[in-house]
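Asks: Sharing a structure, written as structure tokens. Questions coming.
The values are calculated or read from the model by the stated rules, or taken from the named source; none is laboratory data. The shown structure was predicted, so the numbers you read here are calculated from the model rather than taken from an experiment. Backbone-built Cβ (ideal geometry, glycine too); neighbour counts: all protein chains shown. Just so you know, the surface numbers come from the protein's heavy atoms only, side chains and all, with ligands and any DNA or RNA stripped out. Shrake-Rupley method; radii C 1.70, N 1.55, O 1.52, S 1.80 Å.
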Amino acid sequence: MRKLLAFYAKIFRRSFLKHKLHFLLNFLGLTLGISCFLLALLYVFYETSYDSYHVNRDRIARIVTTVESGGSVTHTAYSNDFLTPNLPKLYPDIETMVRYKPFDGKAALRTGGQNDPLIPIENLYYSDPDVFKVFSYTLLEGDKAGCLSAPNSLVLSRRMVRTLFGDKPAIGEAVQLNGKLLKITGVMADLPGNSDIALDGLVSMKTLGNAAGPGWVYTYVLLKNKSAMASFQSRLDEFADKYLNPQLASQATAMHYKLEPLRTLHFSNSYVYDTPKGNRVSVDIFLTLGILILVIACTNSVNMMVVRSFSRSLEVTMQKIYGASRRELVIQQLLESLVMGVMAIVLSFLIVAMLLPVFAGMVDRPMRLTDLFNFKIAAAVGGILLVLMVSGAVYYGLYLQRERLADLLRSKTGKGQRMWLVPRLMLGFQFFISIGMVVAAILVFRQVNYLRHIPLGFDARNVVVLELPQGAYAKEGDKYLKNELSADPAVTMQSFCSEKALPGQSADLDVMEYRQNGVLVNKGTDDLSADENFLGLLGIPVIRGSGFHEVKDSAARDEVMVNELFVRQAGWTHPIGQTIKQGEDAYHVVGVVQDFHFGSLHNPMTPMVIYPEPDNLAYLLVKVADGKTAGISGRLQNIWRKAFPQFPFSYFFLDQHLLQQYKEEGHLLSCLLTLSLLVIVISCIGLMAYTSYVIRIALKDIAIRRIVGATFGDIFHLFNRQFVLLLVIGLAVAAPVSWYFLGHWLEQFAYHVEVRPADYFIAAAAMAVIVGVVVLNYTWRCIRISPVKIIREQ
């Protein structure tokens, strides 16, 4: 066996030295394909691993709510807080339930007196003591059973504890949260990035007291066994129909609850007020692209192996003369494919290790190198090797063994004509994939460009957004900040608004009572609250009625404005003076504003009610004069230090904030452009292999044509037309397939471009140019050889 392996190694080495360029091209294409496939797998595995570290994952579910009111339907990730104490009493399937309530406004911690610095904390929630029974959070210090049982208890992540105290013990220490004194009762390990709810801290739900009450919350249920997951939905329907909806019938409102298993939560994008979610379509696209690129690379490798085999026909013939059996020939090819595959995989792992930080930044995911080493990746790599080995063995076993020795000895190049269909089909498949990917890249580019430049109905340019501190200590600073900025000649206007009034995110949603087409209805309606300068700062015109009075005018507190869509859906002919009620409060409409896109263009525009006074001052919008934004940040920071000396300065530009809504599409575009380029490179390698094969077996025919007077153009068109035919077939197949899938991708946007026939012609033209250049190069190289020499050697 050792001698046999040494013999095979010698043949492989000689073949490599004789065909170095051919081997390196094959190796390069295979390595690029495997590298792209591994990166795509890393992204897919990361996205599908959210919350997988929870031990009780199969028994945990979230309860979400659908509110039907006055003909409108709203799906929200929140549910009523009273479910948690009541459902376990009624249904024994429940082991326990917990609630999460996001902290209202911007949170900041202070470790000591009023002169100590304030440390912002981003992901802070109120929660119940049983949260550690439901979720597998690692508590490094403290008691899981009691750390959130008392009011004013606080559990912080290890990262926040280090920021506040360094390496000092934190348990038992008192901190101020926006002026309220809390006691640290636990320190938990930092959560991994693939967590649906990102946590920097948990405050005991009892801190809110009975007066404030949790209200609407995220509700999670832990069932006693996973088999109850399928049947528990009927329990929720029963609870709503029996205990809740009869009380809401007088308000023409109904609520329905839905159970969402934790394992499906990351791709649940149908609810407002939800935590950040993934895009299942993007995951499917990444997986499909990874597989397609791998298939192209493997196809290309097999294609080049077929081409190279014709120059090895004499070698194989001599082996057969000296007694080589089909089994030995197949083993030889298996070993060569194995060596090639292992070398490509090893190099691919090195490439992925080097490119992983860049790729992680491109897709905005905290992926690690250790994610490469798991059984799923190992299985995928094993499958790649198996495909390469089997393809080579099938070719050697079924084709070369059937060739007659006399035929192979007669020709130095081998016949090979009977195998013309194999590389041609492979090349046609590559054209199909290449055209489809180029069209996809063009469409995604057009859609992203459309999202970035579509008129939103307001002007977000030169608007600086300052995130204001929260709590009683911030009020005087807010006034000082506004007064100082009023004296800056670069500042043209300012406006305070609430947390939900900043464009580019979800507005508030409240049930309102008003007349629609003469009938009194209760409907869930989006609303926002901002001061009297908000509309003017953003350039949103008032098309009917007047704007708000100043807030200091008591009449302004009873005023609201609505958008055009609200007027149309309400059927109001004369909107000014109409009454809208929210709870016990009544408001009259003083103006109608032009429609504007408040949220993402993934969703359609909604009716909107605008209140004149923010319920809490979360942001200060500062409009800067054209050409003055370059130096404004330094002046803002100086004023901020005087207004809020202990609070860190934080700001962003509104137009950049709006673009963040489409960062997933931007990531997809970057990856598509990169992958499309790699697919074209790999396809070019296959194209060169096939072109060299076609011209090689037609050298004698070319020589005869040249002798009888054929020109360079005649020979070029002779070969180019068969590639044009393959290109046309690839386009014909790619067009309907990509049209279907790209149309499906566009459905996630309420406003989008359309797939154009011109995109396919652009992609086909680009591929035609590449094909023409490659064929032109090989034809020119062939023409330079003397026809006499070709005929003598054939």
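Asks: Out of Leu139, Leu83, which single residue is open to solvent by less than 10 Å² (accessible area, probe 1.4 Å) and in contact (Cβ under 8 Å) with a residue 12 or more places away in the chain?
Replies: Numbers: Leu139 fails: open to solvent by less than 10 Å² (accessible area, probe 1.4 Å).
Residue meeting the stated conditions: Leu83.
Asks: Six or more apart or on different chains, Cβ under 9 Å: which pairs go from a residue in segment 530-543 that's of a type in the set (S, T, N, Q) to one that's open to solvent by 50 Å² or more (accessible area, probe 1.4 Å)? Could you list them?
Replies: That search, which allows pairs on different chains as well, returns Asn533/Met493.
Asks: Anything in segment 480-500 that is touching a helix residue (DSSP H, G or I) at 6+ places or on another chain (Cβ under 7 Å) and either buried (at least 19 other Cβ atoms within 10 Å of the Cβ) or of a type outside the set (Phe, Trp, Tyr) (or both)? List them, or say none.
Replies: Those that are touching a helix residue (DSSP H, G or I) at 6+ places or on another chain (Cβ under 7 Å) and either buried (at least 19 other Cβ atoms within 10 Å of the Cβ) or of a type outside the set (Phe, Trp, Tyr) (or both): Leu481, Glu484, Leu485, Asp488, Ala490, Val491, Met493, Gln494, Ser495, Cys497.
Asks: Okay, moving on. Based on this model, can you work out whether Tyr46 counts as in a loop (DSSP other than H, G, I, E, B), open to solvent by 10 Å² or more (accessible area, probe 1.4 Å) and either among the charged types (D, E, K, R) or touching a residue at least 12 places away in the same chain (Cβ under 8 Å) (or both)?
Replies: The answer is no for Tyr46.
Asks: Would you call Ala108 in a strand (DSSP E or B) and under 27 Å from the mean Cα position of the chain (by Cα)?
Replies: no
Asks: Right, another one. What pairs come out if I take residues in segment 439-460 that are open to solvent by 40 Å² or more (accessible area, probe 1.4 Å) and pair them with residues that are among the β-branched types (Val, Ile, Thr) whose C-beta lies under 7 Å away, six or more apart or interchain?
Replies: Between residues of segment 439-460 that are open to solvent by 40 Å² or more (accessible area, probe 1.4 Å) and residues that are among the β-branched types (Val, Ile, Thr), the close pairs are Arg446/Val753; Tyr450/Val753.
Asks: Among the candidates Gly504, Gly477, single out the residue that is over 29 Å from Leu181 (Cα atoms), out of contact with any Ser or Thr (no Cβ under 6 Å at 6 or more places or on another chain) and surrounded by fewer than 22 Cβ atoms within 10 Å (Cβ to Cβ).
Replies: It is Gly504.
Asks: Consider segment 633-649. How many of its residues are modelled with pLDDT under 85 and open to solvent by less than 40 Å² (accessible area, probe 1.4 Å)?
Replies: 3
Asks: If you go through segment 587-598 one residue at a time, how many are in a strand (DSSP E or B) and open to solvent by less than 50 Å² (accessible area, probe 1.4 Å)?
Replies: Final tally of qualifying residues: 6.
Asks: Only residues that are more than 25 Å from Ala530 (Cα to Cα), out of contact with any helix residue (DSSP H, G or I) (no Cβ under 9 Å at 6 or more places or on another chain) and in contact (Cβ under 8 Å) with a residue 24 or more places away in the chain: list them for segment 629-646, please.
Replies: Residue satisfying the conditions is Gly631 alone.
Asks: Under 8 Å by Cβ, and 6 or more places apart or on different chains, what pairs join a residue from segment 267-281 that is within 12 Å of Thr48 (Cα to Cα) and small (Gly, Ala, Ser) with one that is part of a loop (DSSP other than H, G, I, E, B) and open to solvent by less than 40 Å² (accessible area, probe 1.4 Å)?
Replies: Gly278/Tyr50
Asks: Related question: Show the residue pairs meeting these rules: Cβ distance below 8 Å; 6+ apart or different chains; first residue within segment 356-384 and more than 19 Å from Ala198 (Cβ to Cβ); second residue among the small types (Gly, Ala, Ser).
Replies: So the pair list comes out as Met362/Ser670; Leu369/Ala353; Leu372/Ala353; Ile384/Gly341.
Asks: Would you point out which residue out of Pro129, Pro120, Pro88 is farther than 26 Å from Leu509 by Cβ, out of contact with any Cys (no Cβ under 9 Å at 6 or more places or on another chain), at pLDDT 90 or above and not polar (S, T, N, Q)?
Replies: Among Pro129, Pro120, Pro88, only Pro88 is farther than 26 Å from Leu509 by Cβ, out of contact with any Cys (no Cβ under 9 Å at 6 or more places or on another chain), at pLDDT 90 or above and not polar (S, T, N, Q).
Asks: For the subset of segment 711-732 comprising residues that are more than 45 Å from the chain's Cα centre (by Cα) and aliphatic (A, V, I, L, M), which member is most open to solvent (accessible area, probe 1.4 Å)?
Replies: Leu718
Asks: Further question: Residue by residue through segment 56-73, note down the ones that are polar (S, T, N, Q) and surrounded by 19 or more Cβ atoms within 10 Å (Cβ to Cβ).
Replies: Those that are polar (S, T, N, Q) and surrounded by 19 or more Cβ atoms within 10 Å (Cβ to Cβ): Thr65, Ser69.
Asks: Filter segment 609-621 down to residues that are outside any loop (DSSP other than H, G, I, E, B) and either touching a helix residue (DSSP H, G or I) at 6+ places or on another chain (Cβ under 6 Å) or modelled with pLDDT under 85 (or both), then give me how many there are.
Replies: Number satisfying all stated conditions: 1.
Asks: Test of understanding: among Tyr53, Tyr78, which residue is touching a Ser or Thr at 6+ places or on another chain (Cβ under 7 Å) and surrounded by fewer than 16 Cβ atoms within 10 Å (Cβ to Cβ)?
Replies: Matching residue, one of Tyr53, Tyr78: Tyr53.
Asks: Would you mind finding the one in Val560, Val567, Val521 that is at pLDDT 90 or above and either open to solvent by 10 Å² or more (accessible area, probe 1.4 Å) or part of a loop (DSSP other than H, G, I, E, B) (or both)?
Replies: Values: Val560 fails: either open to solvent by 10 Å² or more (accessible area, probe 1.4 Å) or part of a loop (DSSP other than H, G, I, E, B) (or both); Val521 fails: at pLDDT 90 or above.
When all the criteria are applied, what remains is Val567.
Asks: Can you name every residue in segment 86-105 that is out of contact with any strand residue (DSSP E or B) (no Cβ under 7 Å at 6 or more places or on another chain) and assigned to a loop (DSSP other than H, G, I, E, B)? Explain how you work it out, then say what you get.
Replies: In the first step, residues of segment 86-105 are kept if they are out of contact with any strand residue (DSSP E or B) (no Cβ under 7 Å at 6 or more places or on another chain); the result is 86, 89-92, 104-105.
Within segment 86-105, Tyr91, Pro92, Asp104, Gly105 qualify.
Asks: Sticking with this one: If I go through segment 629-682 residue by residue, how many of them are assigned to a helix (DSSP H, G or I) and among the hydroxyl-bearing types (Ser, Thr, Tyr)?
Replies: Residues in segment 629-682 being assigned to a helix (DSSP H, G or I) and among the hydroxyl-bearing types (Ser, Thr, Tyr): 5 in total.
Asks: I'm checking my understanding of the structure. Among residues of segment 210-224 that are more than 15 Å from Pro129 (Cα to Cα) and at pLDDT below 90, which one is nearest to the chain's Cα centre (by Cα)?
Replies: Here the answer is Trp216.
Asks: Pairs only if they're at least six apart or on different chains, beta carbon under 6 angstrom, first in segment 116-129 and over 21 Å from Asp274 (Cβ atoms), second open to solvent by 50 Å² or more (accessible area, probe 1.4 Å) and β-branched (Val, Ile, Thr); list them, first residue then second.
Replies: Between residues of segment 116-129 that are over 21 Å from Asp274 (Cβ atoms) and residues that are open to solvent by 50 Å² or more (accessible area, probe 1.4 Å) and β-branched (Val, Ile, Thr), the close pairs are Ile119/Thr163.
Asks: Ok, one more. Could you tell me whether Ala230 is buried (at least 21 other Cβ atoms within 10 Å of the Cβ), at pLDDT below 90 and over 23 Å from Thr275 (Cα atoms)?
Replies: no
Asks: Among the residues of segment 777-794, count how many are at pLDDT 75 or above and open to solvent by less than 100 Å² (accessible area, probe 1.4 Å).
Replies: Qualifying residue count for the region: 5.
Asks: Something else about it: Checking the conditions here, which among Leu182, Leu177, Leu208 is surrounded by 16 or more Cβ atoms within 10 Å (Cβ to Cβ), of a type outside the set (Val, Ile, Thr) and free of Cβ contacts under 8 Å to residues at least 60 places away in the same chain?
Replies: Going through Leu182, Leu177, Leu208 in turn, just one is surrounded by 16 or more Cβ atoms within 10 Å (Cβ to Cβ), of a type outside the set (Val, Ile, Thr) and free of Cβ contacts under 8 Å to residues at least 60 places away in the same chain: Leu182.
Asks: Further question: I need a count of the residues in segment 220-239 that are in contact with a strand residue (DSSP E or B) (Cβ under 7 Å, 6 or more places away or on another chain) and of a type in the set (Gly, Ala, Ser).
Replies: Total satisfying the criteria: 0.
Asks: Return the residue satisfying two criteria in turn: it lies in segment 651-670 and is among the hydrophobic types (A, V, I, L, M, F, W, C) and more than 11 Å from the chain's Cα centre (by Cα), and of such residues it is most open to solvent (accessible area, probe 1.4 Å).
Replies: Applying the first criterion (among the hydrophobic types (A, V, I, L, M, F, W, C)) to segment 651-670 yields 652-654, 658-659, 668-669.
Restricting the remaining residues to those that are more than 11 Å from the chain's Cα centre (by Cα) gives 652-654, 658-659.
On the way: Phe652: 49, Phe653: 45, Leu654: 0, Leu658: 15, Leu659: 75 Å².
Checked segment 651-670; the qualifying residue most open to solvent (accessible area, probe 1.4 Å) is Leu659.
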